[in-house]
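The values are calculated or read from the model by the stated rules, or taken from the named source; none is laboratory data. Keep in mind that this is a model prediction, so the values were computed, not measured. Glycine gets a Cβ as well: all are built from the backbone with ideal geometry, and neighbour counts include every protein chain shown.
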Amino acid sequence: MAKVLSNKSLADNIYFLKVSFKETINVKPGQFFNLKVCRDESYDPLLRRPLSVFDFDLDNNEVSFIYEIKGRGTRALSNYIKGDFLDIHGPLGNGFTVDFNNKKLILAGGGMGIAPLYFLAKYIGVNNDLTLCLGAANKGVLKPLVDYFANIVVELKLSTDDGSFGSQGTISCLLNNSSLGKEVEYDYLFGCGPKPMLEWLQSWMREEGISGEFSLEERMACGNGLCLSCSCKTTDGNKRLCKEGPVLPADEVIINGL
Amino acid sequence: MAKVLSNKSLADNIYFLKVSFKETINVKPGQFFNLKVCRDESYDPLLRRPLSVFDFDLDNNEVSFIYEIKGRGTRALSNYIKGDFLDIHGPLGNGFTVDFNNKKLILAGGGMGIAPLYFLAKYIGVNNDLTLCLGAANKGVLKPLVDYFANIVVELKLSTDDGSFGSQGTISCLLNNSSLGKEVEYDYLFGCGPKPMLEWLQSWMREEGISGEFSLEERMACGNGLCLSCSCKTTDGNKRLCKEGPVLPADEVIINGL
Amino acid sequence: MVYNVGLKTSLGPLKLESPVMTASGTCGFGRELADFYELKELGGLIVKGITVDPRDGNPTPRIAETAAGLINSIGLENPGIDGFIKEELPFLKTVNTKVLVNISGHSLNDFKKLAAVLAENEGIDGIEVNVSCPNIKGGGLAFGTDPELVFKITDLVRKEYNGFVMVKLTPNVRDIIPVAKSAAEGGADALAVANTLPGMKIDIESRIPVLATGSGGLSGPAIKPVTLRLVYEIVKNDILPVLGLGGIMTADDAIEYLLAGARAVGVGTATLIDPYAPIRIKSGIAKYLKNNSFDHLQEIIGLAHKKGANL
Amino acid sequence: MVYNVGLKTSLGPLKLESPVMTASGTCGFGRELADFYELKELGGLIVKGITVDPRDGNPTPRIAETAAGLINSIGLENPGIDGFIKEELPFLKTVNTKVLVNISGHSLNDFKKLAAVLAENEGIDGIEVNVSCPNIKGGGLAFGTDPELVFKITDLVRKEYNGFVMVKLTPNVRDIIPVAKSAAEGGADALAVANTLPGMKIDIESRIPVLATGSGGLSGPAIKPVTLRLVYEIVKNDILPVLGLGGIMTADDAIEYLLAGARAVGVGTATLIDPYAPIRIKSGIAKYLKNNSFDHLQEIIGLAHKKGANL
Ligand SMILES: Cc1cc2nc3c(=O)[nH]c(=O)nc-3n(C[C@H](O)[C@H](O)[C@H](O)COP(=O)(O)OP(=O)(O)OC[C@H]3O[C@@H](n4cnc5c(N)ncnc54)[C@H](O)[C@@H]3O)c2cc1C
Ligand SMILES: Cc1cc2nc3c(=O)[nH]c(=O)nc-3n(C[C@H](O)[C@H](O)[C@H](O)COP(=O)(O)OP(=O)(O)OC[C@H]3O[C@@H](n4cnc5c(N)ncnc54)[C@H](O)[C@@H]3O)c2cc1C
Ligand SMILES: Cc1cc2nc3c(=O)[nH]c(=O)nc-3n(C[C@H](O)[C@H](O)[C@H](O)COP(=O)(O)O)c2cc1C
Ligand SMILES: Cc1cc2nc3c(=O)[nH]c(=O)nc-3n(C[C@H](O)[C@H](O)[C@H](O)COP(=O)(O)O)c2cc1C
Ligand code: FES
Ligand code: FES
């Protein structure tokens, strides 16, 4: 059980949720939590909703999320208020690789795929040189997310589909165009976002010879490795995104493989 | 839509709920409301829950209920707090006959069947001579209900199954024993409570030649006369308790007739 | 809110002004709903199941709530066909919407008789044949589980009655296709898909089933996935126009049925919880069409098959 | 909390320390649950469906949420019988609870082969035969909808395998009794009642079914009334001991099945939402027995029939 500290709207349909746990927890960037959104007396909506960790405060056992209202579950979640209790599983999944030092790292996030990159950036930004490429549909979505990144000193490259904030286009432009500067040698890339973006990233990374990892999404019934609803095909066989994932080596993932 | 003004526990599993309506409503004693207990994003619990009017404040469009937590629906209801909105249908049903003047009236209530008698007593108490016979399982249930009746000047006869408050026994004792005084001629009786109590009352009224009416309960899916789940057999054919009832002439009801 | 989109549809020969009808047993004979809105707002009204003789219905409790579902065993309480003609038909003649009469029988002859009497009377727009009642002779299984009986009943009704005939199928079969085909062969104009699923709830305090009859028919959101799939299957096999129903609570639910290929939808349990539900759903459909740049309802009917996977 | 009541039960020859098992496909091969509690706390573990050859499973999305329900089309992703024996059996031999292996096939021969291989291996307590898979030769309808095929499959498995055999029935039939009887005639020791109902959900934005395969199997609270009724019917006909499952979320749900006559219960979807659910349910049953002055679980099994109405 976690206590809701804040659950507020950042933009149209985009919410920031912060909860505190009683017990001590330890969370890695890229891990996720699975939130029960129906009330005690109800079985509808039935399943938990998986959300990536946006931020984690170790000292106070506080976890933050940023989520978009998509359907009934996230809408139900948006109705919780400060003081309510939420039945939350987690942290779940493997999380990003974080033992980098003095490396040039790209963090590429599209849409709500930006969410897990904030805690990652905070976590690895101290010892490494980060370039963040963040894209979203429009300013309404991107701006409130980007505002959080303002207090960590990183290089931000932004794009929106409609050009209302940052360059116009998808993340591919940010990585493709001169702004990235061919002369820089990047060591590793972290990617999170919609499948077409990851597909593009994968081939770009192959071309550029950059290795990295993706945080992937799939519908999850359990989040605990029990049901195989979240299987992802890889060159190393099927992986459960809730257990062996959600972060997998970019190279191994066979996007749309199943 | 009605706004919750208060929803507080009176005793173990017994709650007092007060709501206010924006629109002007007019409520008769014995009518009921049908309350949606699930939240907006949920279909579970699915059906509305019918509750009798416990009290009505005409000036402020405020309605009060007293309810017992029995299952998932009433438990869900107990979680609403001040400021929440409730989707409520009503007032529904016919209500008690109230055009009495200078009559000696008995109001007999068992268990939560006491709830509708409070507003009735307030409504008809001014012009008539009332005797209230109220019974419940134990003091824990009966006392908080009875406390409300303290500010209307009526004669109260109380019983509990375990004798913890008032006489020991069922309502039948209150009506049977000397306390009622055979010399008084009663004009009419209002009864509300469990079926065995109403069965007993019916035969007692026949013996004593007292006419009256019962407020009856049945599982209701619609409360609007659409589904026939609430049929009650009477000497005048089946009646829908949500529409032609819940109050029916005591004489006509065929208890357990269906 | 008025959305400038076309909502007309049809179930074969039956033309509807809009696609949302109220389901049998959940709208009485229309009188109560008329207190809430004008019935012409509805695509149509499918009235409570009528039997040959008047029926008191089953003992109470007649309903039990389950997770996102409702089990009922009303037991076809109704005034009988003569009572219906005398007491209800005059009112129904005055309502400005399509009126279908749901008929139920416990023998083939019941259906024949009901159709014959309705054929003699003006003022209704068609018959919905409820084949979900138990076949007393056949050991109590519903007629609707046997393709041959469905053919026979439809054929009998068709021969007695010239107007619109829709057969309402039971979902409680291993394969709906043969049953749907039988109704088509028997001469049905359309299919209503589907009726309730058999279900039970037990009270763990009294330790007996909640319903006085033991079990009843499950309706509501719980069954939507099951009935929606049946609609999709029947449409895929292109048998007859389909009225889709089962668990429709919102416009989104109704749209799922339309995308699956239903030409109109029925709203049952939702009408019990909120009498305005059919109207809300109708305007929600219009809004969806508008927001997605469709001019007419017909454009979305069956779309899920275009790109849909094989079942 | 320890309640001083007896919880032992049996499914025919299979003795269980307590009545709550985890349902196939919702507990993997036990490893993940072992992180939450000792598996001996369970009445038993029914592992993921195994096929002859390894399977990658269906394309994703493999699940869709419906009102109080879950539709899945995992597609039997599993390591195949040889992979199972090699990779999973060693671990399962170490767990201190009854282990049943769920077997699935797409031909009669598949079932025969699976039973034969399991017969050669020590360390499992029985087989659960999943007859809900589509019969490829029979046009894709599930084997379990045909009493004759259920007899044949059970008979084949029985002849190969000496141990405990439980047949898991599909609820998607017009009448469960003939199917249950066929399993009994084929030599089954018990019945698991029931598997999922076929169901569909359509995404109204993309306008195609949510599941990549179009439709899948509906589980969860939504189906409980349906499967509970089937258990009640089979028990009434006194065919074989029954494991009841379908939508059990709480002890109260499990108690309904026990009152209906199930001798043990399976917990599926609830385990996905909360891995502790089976344990919670077990102790809730014990609490109910205590509060109602029963000394032993066996005292409540089938009570709903004593006073129950006729179906
Ligand atoms: C590991 C992981 C981390 C995620 N992190 C975030 C995050 O930080 N912020 C955020 O906004 N979203 C995140 N998502 C996506 C989020 O889980 C879905 O948007 C959400 O579950 C949709 O629920 P709903 O009730 O709004 O939609 P509904 O349509 O009602 O959902 C129906 C079902 O589908 C599932 N579903 C629908 N869309 C998705 C999706 N894109 N991914 C997975 N399941 C889905 C739901 O969980 C539910 O089971 C994450 C998903 C995963 C798997
Ligand atoms: C006209 C009328 C007036 C009522 N007034 C009051 C009142 O003032 N105070 C009060 O405490 N109770 C009252 N009741 C009873 C109250 O409606 C039920 O106790 C309540 O619906 C139970 O819901 P639950 O979720 O607790 O139980 P659950 O067991 O979860 O309910 C399951 C279903 O059964 C129905 N149900 C269960 N018990 C009853 C019952 N006794 N009567 C009708 N339906 C039932 C529920 O409405 C629901 O549909 C009244 C009932 C009626 C018909
Ligand atoms: C209370 C009630 C009574 C019903 N009576 C009938 C009936 O008389 N005839 C009939 O064919 N269907 C009857 N039905 C079934 C509905 O018409 C409808 O097919 C079913 O409820 C599924 O739709 P829903 O989920 O929208 O309710 C009844 C359903 C309910 C809930
Ligand atoms: C994700 C998932 C996978 C399943 N896999 C299998 C399986 O492999 N074999 C089988 O017989 N049943 C399988 N089932 C069915 C369950 O064992 C169970 O019969 C069904 O879900 C109903 O129970 P429930 O409502 O408690 O989930 C599966 C169910 C789910 C939800
Ligand atoms: S969500 Fe169940 S295995 Fe991953
Ligand atoms: S509750 Fe539906 S008719 Fe009375």
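Quick grid of which residues meet (1) at pLDDT 95 or above; (2) surrounded by 24 or more Cβ atoms within 10 Å (Cβ to Cβ); (3) within 16 Å of ligand 2 (Cβ to nearest atom):
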position	(1), (2), (3)
C:180	yes, yes, no
C:191	yes, yes, no
C:195	yes, yes, no
C:203	yes, no, yes
C:220	yes, yes, yes
C:229	yes, yes, no
C:235	yes, yes, no
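Checking D:170, D:213 one by one, the residue that is touching a helix residue (DSSP H, G or I) at 6+ places or on another chain (Cβ under 7 Å) and either at pLDDT below 95 or among the polar types (S, T, N, Q) (or both) is D:170 and no other. In the set (1) free of Cβ contacts under 8 Å to residues at least 24 places away in the same chain; (2) surrounded by 23 or more Cβ atoms within 10 Å (Cβ to Cβ); (3) in contact with a Gly (Cβ under 9 Å, 6 or more places away or on another chain), residue A:114 fails one condition alone, (1). Of everything in segment B:59-88 that is aliphatic (A, V, I, L, M) and out of contact with any strand residue (DSSP E or B) (no Cβ under 6 Å at 6 or more places or on another chain), the residue that is nearest to residue D:250 (Cα to Cα) is B:76.
Residues in segment A:124-147 that are touching a residue at least 60 places away in the same chain (Cβ under 8 Å) and buried (at least 19 other Cβ atoms within 10 Å of the Cβ): A:124, A:135, A:141, A:145.
Residue D:293 passes every criterion in (1) surrounded by fewer than 20 Cβ atoms within 10 Å (Cβ to Cβ); (2) touching a strand residue (DSSP E or B) at 6+ places or on another chain (Cβ under 7 Å); (3) of a type in the set (Ser, Thr, Tyr) apart from (2). Considering segment B:46-59, and only residues there that are in a loop (DSSP other than H, G, I, E, B) and either within 16 Å of ligand 3 (Cβ to nearest atom) or under 20 Å from residue B:112 (Cα atoms) (or both), the residue that is farthest from the chain's Cα centre (by Cα) turns out to be B:46.
If the condition is being β-branched (Val, Ile, Thr) and within 11 Å of chain D (Cβ to nearest Cβ), then segment C:231-247 contributes only C:231.
Among the residues that make up segment A:240-256, is at least one of them polar (S, T, N, Q) and within 16 Å of ligand 1 (Cβ to nearest atom)? Among the residues of segment A:240-256, at least one is polar (S, T, N, Q) and within 16 Å of ligand 1 (Cβ to nearest atom), which makes the answer yes. Filtering segment D:176-194 to residues that are of a type outside the set (Val, Ile, Thr) and within 13 Å of chain C (Cβ to nearest Cβ) leaves D:178, D:194. Only one of the listed residues (C:228, C:211, C:218) is assigned to a loop (DSSP other than H, G, I, E, B), within 13 Å of ligand 3 (Cβ to nearest atom) and within 11 Å of chain D (Cβ to nearest Cβ). That residue is C:211. Being more than 16 Å from ligand 2 (Cβ to nearest atom), surrounded by 21 or more Cβ atoms within 10 Å (Cβ to Cβ) and at positive phi holds for only one residue in C:144, C:140, C:126, and it is C:126.
Can you find even one residue in segment A:114-133 that is within 15 Å of the chain's Cα centre (by Cα) and under 11 Å from residue A:158 (Cα atoms)? Yes. If only residues of segment D:46-84 that are surrounded by 19 or more Cβ atoms within 10 Å (Cβ to Cβ) and more than 22 Å from residue A:220 (Cβ to Cβ) are counted, the one that is nearest to the chain's Cα centre (by Cα) is D:50.
Of everything in segment B:35-67 that is in contact (Cβ under 8 Å) with a residue 60 or more places away in the chain and within 9 Å of another protein chain (Cβ to nearest Cβ), the residue that is nearest to residue B:245 (Cα to Cα) is B:48. Among the residues of segment D:250-278, the ones that are within 10 Å of another protein chain (Cβ to nearest Cβ) and either touching a residue at least 12 places away in the same chain (Cβ under 8 Å) or assigned to a helix (DSSP H, G or I) (or both) come to 18 in all.
Determine, yes or no, whether residue B:105 is within 16 Å of ligand 6 (Cβ to nearest atom), aliphatic (A, V, I, L, M) and touching an Asp or Glu at 6+ places or on another chain (Cβ under 7 Å). No: the conditions fail for residue B:105. Between A:74, A:97, the distinction of being of a type in the set (Val, Ile, Thr), more than 15 Å from the chain's Cα centre (by Cα) and closer than 30 Å to residue A:244 by Cα belongs to A:74 only. State all residues of segment C:56-98 that are within 11 Å of chain D (Cβ to nearest Cβ) and either touching a helix residue (DSSP H, G or I) at 6+ places or on another chain (Cβ under 6 Å) or more than 16 Å from ligand 6 (Cβ to nearest atom) (or both); if no residue qualifies, say none. Residues satisfying the conditions are C:66, C:67, C:68, C:69, C:70, C:71. In segment B:186-209, which residue that is assigned to a loop (DSSP other than H, G, I, E, B) and crowded, with 19+ Cβ neighbours inside 10 Å is farthest from ligand 5 (Cβ to nearest atom)? If we take residues in segment B:186-209 being assigned to a loop (DSSP other than H, G, I, E, B) and crowded, with 19+ Cβ neighbours inside 10 Å, then B:186 is farthest from ligand 5 (Cβ to nearest atom).
Here D:274, D:238 are screened, and the one residue that is among the acidic types (Asp, Glu) and within 16 Å of ligand 5 (Cβ to nearest atom) is D:274. Mind listing whichever residues of segment A:237-252 are within 16 Å of ligand 4 (Cβ to nearest atom) and not polar (S, T, N, Q)? Result: A:240, A:241, A:242, A:243. Restricted to segment A:215-258, and to residues there that are hydrophobic (A, V, I, L, M, F, W, C), away from ligand 5 (no atom under 14 Å from the Cβ) and part of a loop (DSSP other than H, G, I, E, B), the residue that is farthest from the other protein chains (Cβ to nearest Cβ) is A:250. Cβ separations smaller than 9 Å between residues 6+ apart or across chains give the following pairs from segment D:102-115 residues that are hydroxyl-bearing (Ser, Thr, Tyr) to residues that are at pLDDT 95 or above and in a strand (DSSP E or B): D:104/D:49; D:104/D:50; D:104/D:78; D:104/D:129; D:104/D:130.
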